[in-house]
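**Student:** Here it is, the structure in full.
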Amino acid sequence: MSALQAIAEEAWGVPLPDWIKALVIQCDRTSQSDVARKLNRSSAMVSQVLRKKYTADPAHIEERVRGLFLNGIVICPALGELPTHECQDWRGKARVFAVGNPTRTRMYRACGRCPINKKEADE
């Protein structure tokens, strides 16, 4: 067992949630900073999540981990099958209408009607 896994188990309990275990495995393979770069988040945030000290709702981090490391997918009404982290990125971009890029325009409309986006807005 790695030191990072021991830290995560102490914080999260045994067994670890599958997405935390995937995060630990990826950090052990490379580094926390490399994993943070892949997640497009800070290494401090990764560290806080692993230690269960992240004060915000970790659902958005879980979604990114699932998309990148656990092959999590969603069915997008505009793009079809999409990794969950890419869906999350498109939802972020679609909050603002942008002229000049047909895909951004299509995603602005699609994300506005998408049940995943509506659920996120309700929470």
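The values are calculated or read from the model by the stated rules, or taken from the named source; none is laboratory data. Computed from a predicted structure; not experimentally measured. No Cβ is skipped: glycine too gets one built from the backbone with ideal geometry, and neighbour counts run over all protein chains shown. Surface areas here come from the heavy atoms of the whole protein model, side chains and all, with no ligands, DNA or RNA. Shrake-Rupley method; radii C 1.70, N 1.55, O 1.52, S 1.80 Å.
**Student:** Amide H neighbours of Val74 under 5 Å, at least 5 residues apart or on other chains, H built in the peptide plane: list them.
**Tutor:** The answer is Leu82, Thr84.
**Student:** A further question follows. Per the Kirkwood definition applied to all pairs of different Cα atoms, how many angstroms is the hydrodynamic radius of the chain?
**Tutor:** That comes to 15.6 Å for the chain.
**Student:** Okay, moving on. Roll a 1.4 Å probe over the protein chains and send me the accessible area per residue for segment 28-123 in Å².
**Tutor:** Result: 62 Å² per residue.
**Student:** Classify segment 58-110 as rounded, prolate or oblate from the Cα gyration tensor: take a ≥ b ≥ c as the square roots of its eigenvalues, call it rounded if a/c is under 1.5, otherwise prolate when a/b beats b/c and oblate if not.
**Tutor:** Judged from the Cα gyration tensor, segment 58-110 comes out prolate (a/c at least 1.5, a/b above b/c).
**Student:** If you don't mind, another one. From the square roots a ≥ b ≥ c of the eigenvalues of the alpha-carbon gyration tensor of segment 3-57, which class results: rounded (a/c under 1.5), prolate (a/b over b/c), or oblate?
**Tutor:** Oblate.
**Student:** Considering the dipole of segment 28-103 built from charges on the beta carbon (Lys and Arg +1, Asp and Glu -1) around the Cα centre, which of Asn101, Ser43, Ala59 is farthest to its positive end?
**Tutor:** Comparing the listed Cα positions along the dipole, Ser43 ranks first.
**Student:** Related question: Could you check how much of the accessible area of the chain is carbon and sulfur, as a whole percent, using a 1.4 Å probe? The partial results should precede the final answer.
**Tutor:** Working: 3760 of 7340 Å².
Accessible surface attributable to carbon and sulfur in the chain totals 51 percent.
**Student:** Let me ask something additional. Using DSSP to call loops (not H, G, I, E or B), can you name the chymotrypsin sites (Phe, Trp or Tyr not before Pro) in segment 10-117 whose Cβ has at most 10 other Cβ atoms within 10 angstrom?
**Tutor:** Those satisfying the criteria are Phe97.
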